[in-house]
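The values are calculated or read from the model by the stated rules, or taken from the named source; none is laboratory data. The shown structure was predicted, so the numbers you read here are calculated from the model rather than taken from an experiment. Cβ atoms come from the backbone with ideal geometry, glycine included; neighbour counts cover every protein chain shown. Quick note on the areas: whole protein, heavy atoms, side chains included, nothing else; ligands and nucleic acids left out. Shrake-Rupley method; radii C 1.70, N 1.55, O 1.52, S 1.80 Å.
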Amino acid sequence: MNGELRRSQIQEYLSRHEILTVEEAVSLFQASPATIRRDFTELASNGGVSRIRGGICRQRNNLDELVPFTLREKWYSTEKRYLAWRVYEYLKEVETLFIDGGSTTTHLGIFLRNSRQTVITNSLSLCNVIAEIFPSGGGPEIRCTGGCFHPESGLFLGSHAESAVAEYYADATILSARGISSAGIFNHNEQIAGINRKMMEHSDRVILIADHSKIGVTAMNRVCSLDKIEALFTLETKENQAILNEIRAAGVKVFSDSPFEL
C-alpha cells in the first residue's frame, strides 16, 4: 500500500474513532512501526490530528466544554492509570484525602486499599470503582459530598456539594484540571472550579494530576495560582518541556518521568 493511500485510510479511521495507536495501525495497515510513526508525524503536521504518546488522536473541539465522562475516560487511559499509581505511592500514608472528580482521578480507585484512609469526593465514578473492588467493605472509608448531580460529568456540584466539603478538613487534596500553565490552574466549568477551591481551602496540601495534553492549556475559570500547588504529576514531552520548566521554577514539584515511548 502506498503512503498516500495509507494516510488517507488512517484519516478515515480517525473519523470514526478518537484514538489510533502505533500498535493498532501496524496491525490494520500492515506497515512497520517506523513507517506508521512517519505517517502520524506527517498527518499531525497537516492539522486535524494530534500526536499523543503511542499514537495520534482527533483534534478535540475546544467548544465542547463539558465532554461526557464516558468519552473522556478513554483518552490516554494507560497514561492516566500510571499517573494515578504515582500519586497513590506519593500519598499512600495520608489518612484523609479530598479527591476531585475527573477521568484521571477515577483511576485512583484501583489503588486505594488502605482501610485507615478516608476519601471525600464529589465523583460518583470513583465511588463506584471502590465499591466494585470492596463490595463487602474493607477498603478506605468513602464519603460523598452529595449536591446537584451532573450526569454528563459524573460529578456532584453546586452549593450543597461545596457546603459538604466545608464540613471536613483533609490532609491533602488531589485535583484534576482542564489545564495548567505558568499562569496557574484552570478549569472549564465555574462550579467545578468552585468545589476545587473549597477542597483546597480545607486541606493542608494540594496535589495536581494531569495527563500531558493538559500542560500549557488554559480555560475560562482560573482555579488558583501555582504557589498553591505542592506537586504536579504528569508526563514530559518535547512539546511541554519548556512549560514544565516554568512550573518547576515557580516552586512546584514536578514528577514527569515516563515509561512510555512516542
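Observations, loosely collected:
- Residue in the stretch 44-59 that is touching an Asp or Glu at 6+ places or on another chain (Cβ under 7 Å), open to solvent by 70 Å² or more (accessible area, probe 1.4 Å) and not in a loop (DSSP other than H, G, I, E, B) present: yes
- Any hit, the stretch 124-136, residues being small (G, A, S) and touching a Gly at 6+ places or on another chain (Cβ under 8 Å): yes
- Residue selected from the stretch 1-34 under the condition of a type in the set (V, I, T) and closer than 22 Å to E239 by Cα, by the criterion surrounded by the most Cβ atoms within 10 Å (Cβ to Cβ): V22
- All told, G109 meets the bar of being closer than 23 Å to H150 by Cα and either buried (at least 19 other Cβ atoms within 10 Å of the Cβ) or modelled with pLDDT under 90 (or both).
- Residues in the stretch 202-235 that are assigned to a loop (DSSP other than H, G, I, E, B) and not aliphatic (A, V, I, L, M): H202, D211, G216, T218, S225, E230, T234.
- The residue of the stretch 163-182 that is surrounded by the fewest Cβ atoms within 10 Å (Cβ to Cβ), among those that are at pLDDT 95 or above, of a type in the set (A, V, I, L, M) and not in a strand (DSSP E or B), is A166.
- Count of the stretch 144-157 residues which are touching a His at 6+ places or on another chain (Cβ under 9 Å), in a loop (DSSP other than H, G, I, E, B) and surrounded by 16 or more Cβ atoms within 10 Å (Cβ to Cβ): 2
- E4 falls short on exactly one of the conditions (1) at pLDDT 90 or above; (2) in a helix (DSSP H, G or I); (3) over 27 Å from K198 (Cα atoms), and that condition is (1).
- If the condition is being small (G, A, S) and at pLDDT below 90, then the stretch 212-233 contributes S213, A219.
- Any hit, the stretch 193-208, residues being at negative phi, open to solvent by 10 Å² or more (accessible area, probe 1.4 Å), touching a Phe, Trp or Tyr at 6+ places or on another chain (Cβ under 8 Å) and β-branched (V, I, T): no
- Failed item in (1) part of a helix (DSSP H, G or I); (2) in contact with a helix residue (DSSP H, G or I) (Cβ under 7 Å, 6 or more places away or on another chain); (3) surrounded by fewer than 19 Cβ atoms within 10 Å (Cβ to Cβ), with P259 passing the rest: (1)
- Selected residue (criterion: nearest to the chain's Cα centre (by Cα)) from residues of the stretch 219-249 that are of a type in the set (S, T, Y) and crowded, with 17+ Cβ neighbours inside 10 Å: T234
- When K238 is tested against (1) in a helix (DSSP H, G or I); (2) free of Cβ contacts under 8 Å to residues at least 24 places away in the same chain, only condition (1) is not met.
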